[in-house]
Amino acid sequence: MPRMTLIGYRGTGKSTVAALLGDLLGCEWCDADIVLEEKIGCSIASLVRERGEPVFRDEEAAVLADLLSRFSGVLATGGGAVLRPENREALRRLGRPIVWLTSPADVVRQRLAADPTTAQRRPALAGPSAGGASASGDPLAEVAAALADREPLYRGCADYQVDTSIATPAAVAAQVVAWWHQEWQKDWQRDWQRDWQRDLATRPGPAASDGGLPDRGSPGAAS
């Protein structure tokens, strides 16, 4: 399982921040979209254009499931990974802590417009309130509608949220690490102990004689 998973719309800085987090946490990082393109042998835009969005979403879900099961570093997911309920369930079950990177629509549009690979690698996918292909085919035109549609999905998965438009990537990564150390690990230990004690109380027969907690490893680390 990943040590940490990043979610958020394209252009919010997931890959950049993931690389910085990997350095700060002393672990590997990966971009699920890059893994997907290496697997299929072409860009995501080409896959969508040639075989359709449903095929892309199937491939995306398969790559996400694989990475959640075996990758132990910082995972940057695709912007639409949260669209399918089964992906959201897998993220909450295997990908925590989940950090949601946000930016206003105008900032995202500026970043995408400045990225020379946008037209080649980033297809327009989100139509109004449907998550489907946009009528214009322009990845910049869809931003505001897609952000509005996906906001509750991102929010429902996230353990922590950071606006990447008001800080440098290095500052964002430092803020995430500070939260991870100061809040997430404390909350994780509290919830783990509560759940373990509740499970122990419901077991038949006498409780364990030593009363100690089993060793489950560090929060967010691979099991």
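Bear in mind these aren't lab numbers, they're just calculated from the coordinates by the rules spelled out. The structure displayed is predicted, hence computed values, not measured ones. Cβ placement follows ideal geometry from the backbone for every residue including glycine, while neighbour counts extend to all protein chains displayed.
Things worth noting here:
- The packing ranking of peptides 174-182, 11-19, 99-107, highest mean first, is 11-19, 99-107, 174-182, where packing means the average number of other beta carbon atoms within 10 angstrom of each residue.
- Sorted by Cβ density within 10 Å, fewest first, the residues 94, 68: 94, 68
- Which of 42, 153, 20, positive extreme of dipole for the range 4-183 (C-beta unit charges): 153
- Calculated P(r) of the range 4-183 - Cα pairs past 30 Å, %: 11
- Taking 7 Å steps out from each Cα toward its Cβ at residue 170 and residue 155 produces label points 3.4 nm apart.
- Positive contributions from Lys and Arg (+1) and negative ones from Asp and Glu (-1), summed over other residues with Cβ under 15 Å from the Cβ of residue 83, come out at -3.
- Selection of GluC sites (Glu not before Pro), the range 1-55, meeting DSSP coil and at most 15 other Cβ within 10 Å: 28
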